[in-house]
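Read through the structure below, which is laid out as structure tokens, and then see the notes.
A short reminder: the numbers here are calculations on the coordinates, not readings from a lab. No experiment lies behind these values; they were computed from the predicted model shown. In this analysis, Cβ positions are derived from the backbone assuming ideal geometry, glycine residues included, and neighbour counts consider all displayed protein chains.
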Amino acid sequence: MNGRTCLITGATDGIGKETAIGMAKNGYNLILIGRNEEKGKKVSDEIRKIADSIDIDFFKADLVLMKEVSRVADEVCQKYDRIDVLINNVGAYFAFRDVTEEGFERTFALNHLGYFLMTKKLLDLVEASDYARIVSVSSSAHYGTSFEFDNLNGEKKYRGFKTYQKSKLANVMFTYELAKRVKDRGITANCLHPGFVASKFGNNNNLLWRGILGFAKALTAINVEKGAKNSIHLACSDDVKDITGRFFANCEVKKGSAKANNEEHNRRLWEISEEAVAPFL
Ligand SMILES: NC(=O)c1ccc[n+]([C@@H]2O[C@H](COP(=O)([O-])OP(=O)(O)OC[C@H]3O[C@@H](n4cnc5c(N)ncnc54)[C@H](OP(=O)(O)O)[C@@H]3O)[C@@H](O)[C@H]2O)c1
């Protein structure tokens with residue numbers, strides 16, 4: 001045990017679950033967030049068998065809904081006075097457009113707005129730590145696209161993979177802007193590409209998409225243990241303690257897309273996100 005606490009979103013499967021296992025092995029207490037209570041209990045029990053001296057707390061929330069992100073963040077704030085590492089991990093690819101009851105296209109909501117709102121609501125708790133790291137799981141899919149401010153909810157045109165790419169670009173733009181905004185508060189913020197990982201990623205889609213992704217995973221994907229390495233590195237390694245506002249892959253700083261280096265765009269995305277989540281703060 002090292003007495004530190006790490007919060008992980010989307011921790012019931014895939015990279016998030018494996019990150020939780022890795023953090024537990026490194027002695028971190030865990031706050032796990034997922035939408036499925038049963039899976040949350042199962043994962044917590046599984047981790048307790050590996051690391052029985054750490055504390056594990058599971059919170060249920062459907063993170064595609066901002067009211068749920070807000071509620072669960074409030075519950076965490078009521079119970080904890082410090083978070084040492086926040087890992088925004090939850091994410092999905094949606095082949096077809098759908099809009100949540102709150103009016104947001106679900107890729108934009110789950111993959112970007114949720115990261116933004118969770119971070120905003122937990123920032124004081126992270127600042128209360130002398131360790132204070134925020135890690136966001138992006139993707140190399142963020143290369144080769146630019147952000148469309150006039151198509152945030154895919155209302156003009158929706159193509160599943162393009163929309164996913166833009167949400168992952170938003171993760172990088174958010175991280176760069178966040179790092180600037182929190183640099184005087186002793187907090188670091190970095191993001192990463194985990195690799196192409198043989199997780200359940202994409203399995204929420206129809207048979208055709210599951211088949212395409214399943215085939216690609218069988219050919220080239222790495223396993224979830226390897227896929228969690230970057231997140232664990234950014235959360236635990238001493239080597240990165242003073243690094244902030246960077247994109248990582250293979251546990252090394254990589255040049256993120258030039259499209260994420262537009263300060264005006266990053267500020268604009270921040271302001272738009274702030275406005276979007278304002279009713280849920
Ligand atoms: N896999 C890859 O090749 C790859 C590559 C680059 C980046 N990424 C990124 O890595 C992150 C993790 O993906 P993964 O590959 O581990 O995917 P995964 O195997 O599908 O796991 C996703 C996790 O998020 C949870 N989740 C999904 N929707 C949720 C919601 N509405 N509310 C709460 N929890 C929800 C899932 O819960 P359930 O257990 O209930 O399903 C699961 O625990 C994502 O941000 C993804 O974009 C993945």
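Values computed for the structure shown
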quantity	calculated
Per-residue HN-Hα couplings for the range 120-126 [Karplus 6.51, -1.76, 1.60; θ = phi - 60°; Hz; x = Gly/Pro]	4, 6, 9, 4, 5, 5, 5
5 angstrom amide H check on VAL197, placed H, neighbours 5+ away	ILE222
For VAL126, net neighbour charge (Lys/Arg +1, Asp/Glu -1) across residues whose Cβ lies under 9 Å away	0
Length-normalised contact order for the range 1-143 - Cα pairs under 8 Å, 6+ apart - percent	24 percent
Eligible aspartates and glutamates near LYS67 by straight Cα distance, threshold 17 Å, same-chain separation 8 or greater	GLU75, GLU101, GLU102, GLU105, GLU274, GLU275
Helix-only CD estimate at 222 nm, as mean residue ellipticity for the chain, using -39500 (n - 2.57) per DSSP H run (n ≥ 4)	-13500 deg cm²/dmol
Within a Gaussian network of the chain (alpha carbon springs, distance under 10 Å), most fluctuating of THR175, THR145, THR19	THR145
Under 14 Å, Cβ to Cβ, from PRO194 - net charge with Lys/Arg +1 and Asp/Glu -1	+3
Normalised contact order of the range 32-104, rounded percent, pairs of Cα under 8 Å and 6 or more residues apart	28 percent
Rg to Rh quotient for the range 5-280, alpha carbon positions, Kirkwood Rh	0.93
Protection-proxy order for peptides 5-12, 77-84, each taking the mean of Cβ atoms within 10 Å per residue, highest first	5-12, 77-84
Cross-link reach list, aspartates and glutamates versus LYS200, counting only Cα pairs under 13 Å and skipping chain neighbours closer than eight places	ASP13, GLU18
Among PHE58, PHE215, PHE116, residue whose mean-square fluctuation peaks in a GNM of the chain (springs only between Cα atoms under 10 Å)	PHE215
The chain: relative contact order as a whole-number percent, Cα under 8 Å and 6+ apart	19 percent
Vicinal HN-Hα couplings computed from phi for the range 127-136 (Karplus, 6.51 cos²θ - 1.76 cosθ + 1.60; Hz; Gly/Pro x)	4, 5, 8, 8, 9, 6, 10, 10, 10, 10
Shape of the range 112-253, Cα gyration tensor, a/c cut at 1.5	oblate
